[in-house]
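A short worksheet on the structure shown next.
Laboratory data are not the source of any read-out in this text; all were calculated from the coordinates shown. These figures come from a predicted structure and were not determined experimentally. Glycine also receives a Cβ, built like all others from the backbone with ideal geometry; neighbour counts cover every protein chain displayed.
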Amino acid sequence: MRKNKLTLFIFIAFVLGISAGYILNTKWINSYNEQIVKSDFQVKAIQANMAAMADTTNNAQYPVLKKELAKQVKIRKENDSIREKKLEPLTLLSDIFLRLIKMIVGPLIFTTLVAGVAKVGDIGAVGRIGGKTMLWFMSASLLSLLLGMILVNIFKPGVAMHLPLPDSHVSTGIQKGALSLRDFVAHVFPKSFVEAMATNEILQIVVFSLFFGVATAAIGEKGLIVVKAMDAFAHVILKITSYVMNFAPLAVFGAMAAIIAKQGLSILSTYAIFVTEFYFGLFILWLVLILIGFAILNKRVIGLISSLKEAILIAFSTASSEAAYPKTLLQLERFGCNSKIVSFVLPLGYSFNLDGSMMYMTFASLFIAQSYGIHLSFEQQASMLLILMLTSKGIAGVPRASLVVIAGTIATFNIPEAGVALLIGIDPLLDMGRSATNVIGNSIATAVVSKWEGELTHPIINENNID
């Protein structure tokens with residue numbers, strides 16, 4: 001009953017947040033938004049004029065334009081700063097909640113994964129479960145990337161929308177995703193467990209936890225003390241989670257009110273084609289994942305999705321799948337997945353199985369190419385898909401992770417990096433759908449691996465009264 005009430009409160013907060021954001025946007029923040037849009041337009045026009053000048057040294061207009069450009073940039077920053085200040089009480093609500101969640105996630109992954117691996121005991125069994133998990137993750141990632149590529153080629157939103165293009169020299173503020181093997185390794189292997197916990201590098205925490213869990217199992221009876229301690233610690237963290245989740249409705253209200261107040265509903269009309277087609281793509285991906293889940297889990301997959309509605313709503317409204325991690329873990333165990341499987345598969349999924357983000361990467365990269373009128377052959381698109389498949393792994397902890405990877409990838413194909421600017425304004429709206437899809441993908445993956453291992457039991461009703 002309490003769980004249902006919390007879900008209802010979150011939904012009410014979601015609706016109220018949209019309403020409050022719209023009122024703020026039209027009555028209180030609108031003047032600042034209009035000035036920011038006006039300044040952006042002026043900046044683009046000035047940059048275009050400056051780029052068109054053949055001789056900048058002897059042209060008297062160039063210094064004038066340069067001075068006017070600096071003035072417009074300053075006006076934009078000032079209005080953006082004032083807007084942020086006025087919306088600060090709302091953004092603080094979601095920031096506090098997300099910080100509390102991040103406080104929980106690292107210790108929760110460590111304790112549950114160590115206990116899970118130690119309970120498996122045999123390193124061969126760990127390898128078997130890991131092999132099945134990675135097989136699903138790679139297949140799901142490839143499916144998501146391929147679906148994004150197919151849909152963007154069918155819909156061609158970049159051709160249909162006729163958006164004004166940013167100058168190719170304009171800086172987006174998005175740092176390119178590194179393609180080097182050294183940087184990938186740095187994301188995977190921790191040089192310090194304490195640093196990995198402090199920075200919430202999930203993949204590094206997972207790697208250390210795997211070593212710790214295997215070593216705990218290897219020392220035999222002495223390791224039982226560690227397993228019991230980790231189990232107890234995990235239950236304490238889950239209890240803290242139940243306290244933190246009481247703040248979820250406030251966080252949802254603040255996040256939705258702030259984003260609508262900043263973006264307004266008008267951005268939906270400007271990008272209606274792209275947003276509609278992308279969310280339709282996510283809907284197709286949901287159907288495909290659920291159908292595959294149905295083939296393995298039968299009708300139980302419907303119960304799984306139903307039990308996750310609260311976690312999905314939290315991920316959607318906060319645009320953070322990490323925010324839904326504790327609730328997802330708890331619901332998967334109640335669904336009947338063995339705790340050792342859940343604590344092993346779910347953390348890995350947060351680095352290797354972000355299905356919504358995967359689909360977005362091909363969809364958005366090819367959308368930018370279409371917007372610039374750049375035709376990519378099937379071979380080039382296939383190469384882009386494989387590059388995205390590799391570069392996206394282990395980068396989940398980076399802010400604006402999807403845009404970082406996209407910026408690095410499109411540069412490889414001589415697509416202007418400035419094209420990422422086409423997505424920055426609507427990225428928070430798209431991130432909501434991606435985050436919810438990531439929760440669905442990881443949950444189905446965990447349930448499927450549990451089924452393959454013969455570790456899927458009947459649902460558990462409110463075990464240990466965690467809620």
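Ranking Ile259, Ser242, Leu308 by Cα position along the charge dipole of the chain, where only Lys, Arg, Asp and Glu carry charges on their C-beta atoms, puts Ser242 farthest toward the positive end. Protection proxy ranking of 151-158, 319-326, by the mean of other Cβ atoms within 10 Å over each peptide's residues and highest first, is 319-326, 151-158. In straight-distance terms, cross-link reach from Lys44 covers every one of the lysines whose alpha-carbon lies under 18 Å from its own, apart from those fewer than eight places away in the same chain; here that gives Lys66, Lys67, Lys71, Lys74, Lys77.
Estimate the FRET efficiency between Glu68 and Trp28 by the formula 1/(1 + (r/R0)^6), using the beta-carbon distance for r and 30 Å for R0, to the nearest 0.05. E(calc), rounded to 0.05, equals 0.55. This ranking places Leu430, Leu65 by how few other beta-carbon atoms lie within 10 Å of each, fewest first, which gives Leu65, Leu430. Rounded to the nearest 20 debye, the dipole magnitude of the chain is 620 debye, with +1 charges on Lys and Arg beta carbons, -1 on Asp and Glu beta carbons, and the Cα centre as origin.
Within a straight-line Cα-Cα reach of under 20 Å, Lys451 can be paired with the following lysines, leaving aside sequence neighbours fewer than 8 residues apart in one chain: Lys119, Lys132, Lys299, Lys340. Note on Ile284 and Thr57: the model spin-label points, each 7 Å out from Cα along the C-beta direction, lie 5.4 nm apart. Each of the peptides 112-120, 223-231 was scored by the mean count of other Cβ atoms within 10 Å over its residues; in descending order, highest first, they stand as 112-120, 223-231. The stretch 122-161 and the stretch 217-234 have Cα centres lying 35 Å from one another. Of Lys132, Lys327, the sequence from fewest to most neighbouring Cβ atoms within 10 angstrom is Lys132, Lys327.
Only one residue of Phe14, Leu143, Ala48 has its Cα farthest out toward the positive end of the dipole of the stretch 1-156, where Lys and Arg carry +1 and Asp and Glu -1 on Cβ, and that residue is Phe14. The Cα trace of the stretch 215-264 gives Rg and Dmax of 20.0, 60 Å, the first to one decimal, the second as a whole number.
Electrostatic tally near Val244: other residues with Cβ closer than 11 Å to its Cβ, Lys and Arg +1, Asp and Glu -1, net +4.
Simple rule: put +1 on each Lys or Arg Cβ and -1 on each Asp or Glu Cβ in the chain, find the dipole, and look at Ala229, Gly131, Gly158; the Cα lying farthest toward the positive end is Ala229. Computed from the alpha carbon atoms alone, the convex hull of the chain holds 152 Å³ per residue.
Placing unit charges on the Cβ atoms only, positive for Lys and Arg and negative for Asp and Glu, gives the stretch 210-336 a dipole magnitude near 220 debye about its Cα centre. Separation of the stretch 41-90 from the stretch 293-369 is 42 Å, based on Cα centroids. Two tests apply to each whole DSSP H helix in the chain, Cα reach of 30 Å or more along its axis and mean Kyte-Doolittle hydropathy of at least -0.5, and the ones passing both are 2-27, 30-52, 88-120, 123-155, 222-245, 272-297, 427-452. If you take every residue apart from Ile96 with its C-beta less than 14 Å away from the C-beta of Ile96, what net charge results, scoring Lys and Arg +1 and Asp and Glu -1? It works out to a net charge of 0. Relative to its Kirkwood radius, the Cα radius of gyration of the stretch 1-89 gives an Rg/Rh of 1.31. Note on the stretch 276-318: the alpha carbon radius of gyration divided by the globular reference 2.2 N^0.38 Å gives 1.27. Compactness of the stretch 105-152 is given as radius of gyration and Dmax, 15.6, 46 Å, from Cα positions. What you get for the stretch 332-444, charging only the Cβ of Lys and Arg (+1) and of Asp and Glu (-1), is a dipole of about 280 debye around the Cα centre. Sorted fewest first by neighbouring Cβ atoms within 10 angstrom, Tyr271, Tyr243 come out as Tyr243, Tyr271. From most to least packed by mean Cβ count within 10 Å, the peptides 38-50, 439-451 give 439-451, 38-50.
Which FRET efficiency, nearest 0.05, do Ala45 and Ala272 yield, Cβ-Cβ r, R0 22 Å? The formula returns an efficiency of 0.30 here. In the stretch 1-159, Rg over Rh equals 1.17, where Rg is the alpha-carbon radius of gyration and Rh the Kirkwood radius from pairwise Cα distances.
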